[in-house]
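Q: One structure, as structure tokens, below. Some questions next.
Values quoted throughout were computed directly from the atomic coordinates according to the rules given, and no laboratory measurement underlies them. Please read these numbers as outputs of a predicted model, since none were measured by experiment. Because the Cβ atoms are built from the backbone with ideal geometry, glycine has one as well, and the counts that use them run over all protein chains shown.
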Amino acid sequence: MKVPGYPDSYYAATAIGVHDHPTLCGNQRADVCVIGGGFTGLSAALNLAEQGFSVILLEAQRIGFGASGRCGGLIGSGQRRDVLEMEEQFGFDLSRQFWDFAEEAKAEIRKRVAMHDIACDLQRGQLVGLHNKSYTGWAKELAGALRDRYDYPHASVLTRDETYSLVSTHTFHGGFLDTEAAHLHPLNLALGLARAAREAGVRIFEYSRVTSYTDSEPAIIRTADGIVDAEFIVLACNGYLEKLDRRLATRMMPINNFMIATEPLGEDRARSLIGQRIGIHDSRFVVDYFRLSDDHRLLFGGGENYRRGYPRDVKSFVRKYMLRLFPQLADVSIDYAWGGVVAVTVNRLPHVGRLAPNLYFAQGYSGHGISTANFAGKVIAEAIGGTASRFDVFGRLPIHNFPGGTLLRYPGMVLGMLYYSMKDRLG
Ligand SMILES: Cc1cc2nc3c(=O)[nH]c(=O)nc-3n(C[C@H](O)[C@H](O)[C@H](O)COP(=O)(O)OP(=O)(O)OC[C@H]3O[C@@H](n4cnc5c(N)ncnc54)[C@H](O)[C@@H]3O)c2cc1C
């Protein structure tokens, strides 16, 4: 079923609780205006409303239209960069702080799903398939570090055979299993959070693209047909920001990433691919990620491009990555194919901060945004509420401009990714 305003994805076809919000017309007033209706914006809006702020959320398209409603649905532990890398670059204390943030972020999602009764097929468990033998040492070191220094006993290293017993691909040399990571239907999470936000009093407007804003007091936010004046702005457009604020655009690279959903495979065939309903991604830099849906399809993400447009035939583009792992699916047809924008930063760490005393933003979760975006929205709400101690910790992460700014970041990225895809092949 096609849902107006959403891409033709498996998620849109199985969406629960799509609600038509009005378009902003005329003048409105609020304490806070949130721009963007993905996880960052929804979380900020909901947490702010719960603190008693009056909140308006403006979404250019529909709730969850961006990455939040299109993504792989995998909720990994920690940050996009693992604790070994974090320790090496920032030392143990900051690494531990960000690990604890990420643990809270996972718990926050579970809490919201339970509290608001959100039907989003939340499942436990995630496996990293080691595409090259050389990653076994890394996996052992990481599991050991998590157990010994992060009080996290839920990660373990699997042999090749143990990995094969969980996922029927011969491409993995072993695995890193995290039984407390998770996965879910991301659009249904977004729609459930929007419902919770409405119930908490947030006024949501769809098809209300912000064209400009000021950081004056009050801030003036304009769309084609309306104006909001607000004490604070939360800018939550992430990879869909375009030219709305050039100060942020230079620190983030929008990359297109693609997914497919197979036809329903039937329970037996689906379970023969992935024995338990864990989410899986491999250890490649340009990652393949996949999981089963509750109607026994394989949802598979793989491949990206570094320009504005999508490949002409997204189904075939992604299918070749799927068949590299699962040649046994050659006879299976693909029902849905779609893409979305992942916002990456130079060092793959989140960019959360303030551009002016009343202008907050969060972006650049680098493919690890389900939990991090929800958490970023929460700490921004805390900061607007007067407690900025956790928000300020994000300022300790150096987020640099992409070399060449918005003009030359794409050619630079293409070169960089060629290097990494060669590394992926060579191991
Ligand atoms: C294909 C794909 C797979 C991914 N897989 C995973 C995964 O498995 N696990 C994971 O953790 N992360 C994954 N991610 C990343 C994750 O989806 C994002 O990090 C996260 O959803 C970002 O949420 P957000 O709210 O910041 O941004 P978005 O969800 O992109 O929301 C931004 C919103 O802002 C709106 N907007 C833009 N400009 C304006 C404007 N001028 N006025 C009003 N509204 C505006 C857009 O319409 C959009 O709805 C994936 C992303 C993609 C694209």
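Q: Out of segment 49-135, which trypsin sites (Lys or Arg not before Pro) are coil in DSSP terms and have no more than 16 other C-beta atoms within 10 Å?
A: Sparse-neighbourhood loop trypsin sites (Lys or Arg not before Pro): K133.
Q: Suppose only helical runs count, i.e. DSSP H with n ≥ 4. What mean residue ellipticity at 222 nm does that imply for the chain under -39500 (n - 2.57) per run, divided by all residues and rounded to the nearest 500 deg cm²/dmol?
A: Computed ellipticity for the chain at 222 nm equals -11000 deg cm²/dmol.
Q: Find the centroid of the Cα atoms in segment 342-397 and in segment 95-118, then give the distance between the two in whole Å.
A: Measuring centre to centre over Cα atoms gives 15 Å.
Q: What order do you get for R354, R149 when you list them from fewest to most C-beta neighbours inside 10 Å?
A: R149, R354
Q: Dividing the convex hull volume of the alpha carbon atoms of segment 267-352 by its residue count, what do you get in Å³ per residue?
A: Hull volume normalised by residue count: 133 Å³.
Q: Taking amide hydrogens as modeled 1.01 Å from N in the peptide plane, which residues meet the under 5 Å criterion relative to Y336, leaving out close sequence neighbours?
A: Close amide H contacts, sequence-distant or interchain: A261.
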